[in-house]
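Notes follow the structure.
The values are calculated or read from the model by the stated rules, or taken from the named source; none is laboratory data. The model shown is predicted, which means the values in this text are computed figures rather than measured ones. Glycine also receives a Cβ, built like all others from the backbone with ideal geometry; neighbour counts cover every protein chain displayed.
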């Protein structure tokens, strides 16, 4: 259960410590505190530095239970201590060198107002020191995508302005037998530390392909690699989109079940009668000795939270840094604006827990609507998108005026600017939670017990799509067929 958090900037005396704790609050260790830490909202700090991640796991034998720092510790510490993406990379890699890396393989995206970088990191195995890693700058005007699978392949060894790496990232792979320097193949980080398999290509690379195919249709990227067709080439680490992308465009790219492709999850028997794109776990299974796997979409029901960040050098930091933040499934959430200069958060996004449903928790409110929609997804998604489009459309329409006002306030009264942005973000965050409660109540009333209420609020028998009924008949051709009625016998009305 995600709790949106804000940390104010703080100063510390020499000799103070930062405690490293697990999810249950048990302290595992501590590191030296720095004299000053920056304010953080969600996963963006006051200098517009934003950090996100995607776990690729990688070679299991490289996990180091003796390491102190998990990836989430590194991300938080980087936000507290770094102003830029380059500084964040140094903070994280220096810390693991000193204190050890505890997590499995991790792909971390880092952006500031000037640059975007991708850092991929994996442990050295039990009791080992530091970590193996590569960090590479994404060229200006390009986009990258990573999805639970390492993405950095071949990288430049003599271009420190655009690529950094641990000192023995190649030598360690050679030592462990992950790479043969005598081969005619260049060293590729992803192949050494997270080797491709049909399973992880289906799971991860399909999502990369779908982001790229939609952002740059002109590339006509083949699906062969994510289908693990022999000889197919991996997708590039980055591409240039066919046009510049707005924050709204990126949100749209994140809302994806491969609609309109051969892998469309809203179609087929596996989508059920009402086209749900959600597939319950486990994601793969075995029948008669053959292995199968559901598609893993970009939008997935078990999402805790997601965000799109904007870091803009031409605006003051408190205004230029903006998170579009949503909880639960990206397809059915509503993204709220959170500027990095705010000093409070919408309460409904900060409360709640997995153990108990609560209408006070935005996460549970969104989960209620999204889970109920699975009953008749193809119809209910239209109700959800109507509210989603109204709210998000309003936020994007207001954005220029809000930021113009904030910039003017910053010139005369920075505290008033912070209050203005805080009031805007908190009030609209709570508005979204209220509207989603109302949406949930509307859905359970409109679609109660399999009926669908019409515009006059009268329940109608809608039944099932003909395509699905034909599949039912094909499966059990005799069970549901009625015998011909004797013409002389009158039919009576069935009272249900």
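A few comments on the model shown:
- So residue 400, is it farther than 18 Å from residue 310 by Cβ and surrounded by fewer than 21 Cβ atoms within 10 Å (Cβ to Cβ): no
- Applying the set (1) part of a loop (DSSP other than H, G, I, E, B); (2) outside the structural domain of residue 199 (by TED's automatic domain parsing); (3) surrounded by 15 or more Cβ atoms within 10 Å (Cβ to Cβ) to residue 225 leaves exactly one unmet item: (2).
- Condition met for residue 148 (in contact with a helix residue (DSSP H, G or I) (Cβ under 8 Å, 6 or more places away or on another chain), modelled with pLDDT of 95 or more and on the phi > 0 side of the Ramachandran plot): yes
- Residue in segment 153-162 that is assigned to a strand (DSSP E or B) and touching a residue at least 24 places away in the same chain (Cβ under 8 Å) present: no
- Failed condition for residue 378, given (1) surrounded by fewer than 22 Cβ atoms within 10 Å (Cβ to Cβ); (2) touching a helix residue (DSSP H, G or I) at 6+ places or on another chain (Cβ under 6 Å); (3) closer than 30 Å to residue 452 by Cβ: (2)
- Residues of segment 384-397 classified as buried (at least 16 other Cβ atoms within 10 Å of the Cβ) and either in contact with a strand residue (DSSP E or B) (Cβ under 7 Å, 6 or more places away or on another chain) or under 21 Å from residue 279 (Cα atoms) (or both), total: 2
- The listed residue being in a helix (DSSP H, G or I) and closer than 30 Å to residue 246 by Cβ, out of 192, 88, 150: 88
- Test result for residue 96, touching a strand residue (DSSP E or B) at 6+ places or on another chain (Cβ under 7 Å), modelled with pLDDT of 95 or more and in a helix (DSSP H, G or I): yes
Residues checked against (1) assigned by TED's automatic domain parsing to the domain that holds residue 20; (2) farther than 30 Å from residue 217 by Cβ; (3) surrounded by 22 or more Cβ atoms within 10 Å (Cβ to Cβ):
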{"position": "90", "(1), (2), (3)": "yes, yes, no"}
{"position": "103", "(1), (2), (3)": "yes, yes, yes"}
{"position": "108", "(1), (2), (3)": "yes, no, yes"}
{"position": "122", "(1), (2), (3)": "yes, yes, yes"}
{"position": "128", "(1), (2), (3)": "yes, yes, no"}
{"position": "133", "(1), (2), (3)": "yes, yes, yes"}
{"position": "137", "(1), (2), (3)": "yes, no, no"}
{"position": "141", "(1), (2), (3)": "yes, no, no"}
{"position": "145", "(1), (2), (3)": "yes, no, yes"}
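- Any hit, segment 352-359, residues being touching a strand residue (DSSP E or B) at 6+ places or on another chain (Cβ under 9 Å) and under 20 Å from residue 431 (Cα atoms): no
- Residues (within 35 Å of the chain's Cα centre (by Cα) and under 22 Å from residue 387 (Cβ atoms)) located in segment 442-461: 442, 443, 444, 445, 446, 447, 448, 451, 452, 453
- Just one of the numbered conditions (1) loosely packed, with under 14 Cβ neighbours inside 10 Å; (2) at pLDDT below 95 is not true of residue 11: (2).
Yes/no matrix, rows are residues, columns are (1) assigned by TED's automatic domain parsing to the domain that holds residue 334; (2) part of a loop (DSSP other than H, G, I, E, B); (3) touching a residue at least 60 places away in the same chain (Cβ under 8 Å); (4) within 33 Å of the chain's Cα centre (by Cα):
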residue	(1), (2), (3), (4)
423	yes, no, no, yes
436	yes, no, yes, yes
439	yes, no, yes, yes
482	no, yes, no, no
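- Some residue of segment 246-267 being under 18 Å from the mean Cα position of the chain (by Cα) and at positive phi: yes
- Residue in segment 403-418 that is touching a strand residue (DSSP E or B) at 6+ places or on another chain (Cβ under 7 Å) and in a helix (DSSP H, G or I) present: no
- Of the strands (runs of 3 or more DSSP E) lying entirely inside segment 279-390, the ones with 3 or more residues being over 18 Å from the mean Cα position of the chain (by Cα) and either on the phi < 0 side of the Ramachandran plot or free of Cβ contacts under 8 Å to residues at least 24 places away in the same chain (or both) are found at 284-287, 290-293.
- Hey, residue 259 part of a loop (DSSP other than H, G, I, E, B) and not assigned by TED's automatic domain parsing to the domain that holds residue 151 or not: yes
- Residue 230 vs. criteria modelled with pLDDT of 95 or more, surrounded by fewer than 19 Cβ atoms within 10 Å (Cβ to Cβ), over 27 Å from residue 322 (Cβ atoms) and not assigned by TED's automatic domain parsing to the domain that holds residue 54: no
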